[in-house]
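Participant: Structure provided below as structure tokens; questions to follow.
Values in this text are rule-based calculations from the coordinates and carry no lab data. Everything numeric in this text was worked out from a predicted model, so none of it was measured. When we count neighbours, we look across all protein chains shown, and the Cβ atoms used for this are built from the backbone with ideal geometry, even at glycine.
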Amino acid sequence: AQYWAVIGFTENVSATEQGVLAARELLRQNEGKFAVGTVPRTAVLEAQAEVARREADLLQAQNARELAIDNLRATINAPSEDATLLVNVAPADDPNVEPVAIDLERSLELALANRPELEAARLAVEQGGMQLEVAGNQLLPRLDLVGSVGTNGLSGDTNPSGFSFDPNSPAESPFADDLSESWRMLFDGRYYGYTAGVALEVPLGNAAAKADYSASRINLERARLELRRLQESVTLEVKRIATNLDTDLKSIAARRIARELAEENVRNQRARFDVGLATTKDLLDFQDALTQARAAEIRALTEYRINLAELRRVEGTLLAEHGIELDAPEAVGTPWWAKF
């Protein structure tokens, strides 16, 4: 939009310059006629006043063009070491008309499939569904299978309090040895230990899980409503732009006819002025009308190109239309310690 705005302001400067040149030519002719006494002094003054007014209009048009260029290049410039440096921008396109067949159903289909905010909303709905499923699982009783397996290492000294048939001789442990023997037994596989069981957990009341489930259900419904709202908004945007494009084409045709008629009027008034049938003011008025007609046609052409770019934006095809592809960032791997 900013790019075509720059082109529109540039074309408006050209149209205003043509008006200035016409006014200066008329002033030159009136000064010559006044010198030979064929027109009064007022004709020269009228031409001078019109030249001054159109030159002021030209300055305003040039200023508007420079502001548009500054906005455009500040938008497209990449960051540099010197942020005050801006490249020159000189648009090479003309605001010509390339009628594009508008297929409303196709545009709606593209927009609903390509718009990133819609994709984000769909992912939010999917995430909300998973969260609701997890919260629903928390309402169910919990049944766990538990078990363990391991090895034992046995060792130790004589147990003086152990059972023995000889009261004068303490019980001898079959594993009597030092600590190293116990560590060795851990790995020789002679003494295994096993456990197995079932753990059933039935929460009473389960108020926290019920609250989480209700909150997840509300969040899911909110995500669905947001998705529908975005779909309706995108649909409205596409329809509005399509209507604007149709109106722009009709406006361009009407503005072109108006400009051509204004040019014909100026030629007729110039011929009448040359033979003394039209005054300086008459000719200036028709020249001014021609300048305004040219500016109106340029605005219509520019508005059409802006709306055409806007259609590509709302369809989500603007980058593809200009052959621009964005590479997806490389996925960040999960550290090995986070996998456990």
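Participant: What's the FRET efficiency of Ala120 with Asp144 using the Cβ-Cβ distance as r and R₀ = 45 Å, to the nearest 0.05? Please list the in-between numbers first.
Facilitator: Working: r = 38 Å, r/R0 = 0.83.
After rounding to 0.05, the efficiency reads 0.75.
Participant: Can you list the residues, at least 5 places off or on another chain, whose amide H is less than 5 Å from the amide H of Thr151, using H built in the peptide plane?
Facilitator: Amide H neighbours of Thr151, under 5 Å, 5+ apart: Gly193.
Participant: Step through the residues of segment 246-252 one at a time and calculate ³J(HN,Hα) from phi using the Karplus curve (6.51 cos²θ - 1.76 cosθ + 1.60, θ = phi - 60°), rounding each to whole Hz and writing x for Gly and Pro.
Facilitator: So the J values, rounded to whole Hz, are 5, 5, 4, 4, 5, 5, 4.
Participant: Would you kindly give the portion of the calculated P(r) for segment 245-300 that falls above 13 Å, as a percent of all Cα pairs?
Facilitator: On the way: 890 of 1540 pairs.
When all Cα pairs of segment 245-300 are counted, 58 percent exceed 13 Å.
Participant: At a Förster distance of 45 Å, what's the computed FRET efficiency of Ser233 paired with Leu261, Cβ-Cβ distance as r, to 0.05?
Facilitator: The calculated FRET efficiency here is 0.60.
Participant: For segment 212-269 and segment 119-149, write down the distance between their C-alpha centroids in whole Å.
Facilitator: Taking the Cα centre of segment 119-149 as reference, the centre of segment 212-269 is 42 Å away.
Participant: When N is the residue count of segment 183-256, what does its C-alpha Rg come to as a fraction of 2.2 N^0.38 Å?
Facilitator: Normalised by 2.2 N^0.38 Å, the Cα Rg of segment 183-256 equals 2.96.
Participant: Which residues' amide hydrogens lie under 5 Å from the amide hydrogen of Ala278, considering only partners 5 or more residues apart or on another chain, with H built in the peptide plane?
Facilitator: Phe273
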